[in-house]
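This report refers to the structure that appears directly beneath it.
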Amino acid sequence: MVTHSESSAEVLQDGYDGFLIDPRDSREMGKKIAFLLEDKELRRVFVDRAYKKVMEKYSWSSIAQEMLELYKKLEEQQ
């Protein structure tokens, strides 16, 4: 679960790999927590999807590849 913010959509897709929660709505947060506690399969799906996203977007090799592409673009502009 992640609270709504400017960058939360980059980290989590609501209903796909977690839930976006209004930080001022404790009732909604409680409902989502209870829902996840009851649904083991959905927890597993969320974890698998989130892990895959993190490994694709935020692993060292992925970050290094992005930096390499950025340097190449900068070099082409000179």
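The values are calculated or read from the model by the stated rules, or taken from the named source; none is laboratory data. This structure is a prediction, so every number in the text was calculated from the model and none was measured. Reconstructed Cβ throughout: ideal geometry from the backbone, glycine too, with neighbour counts over all protein chains shown.
Quick notes on this structure:
- When residues in segment 14-29 are screened for being out of contact with any Lys or Arg (no Cβ under 8 Å at 6 or more places or on another chain) and either assigned to a loop (DSSP other than H, G, I, E, B) or exposed (fewer than 11 other Cβ atoms within 10 Å of the Cβ) (or both), 7 of them pass.
- Any chance residue 40 is surrounded by 14 or more Cβ atoms within 10 Å (Cβ to Cβ) and either of a type in the set (Lys, Arg) or at pLDDT below 90 (or both): no
- Subset of segment 58-72 [closer than 25 Å to residue 11 by Cβ and assigned to a helix (DSSP H, G or I)]: 58, 60, 61, 62, 63, 64, 65, 66, 67, 68, 69, 70
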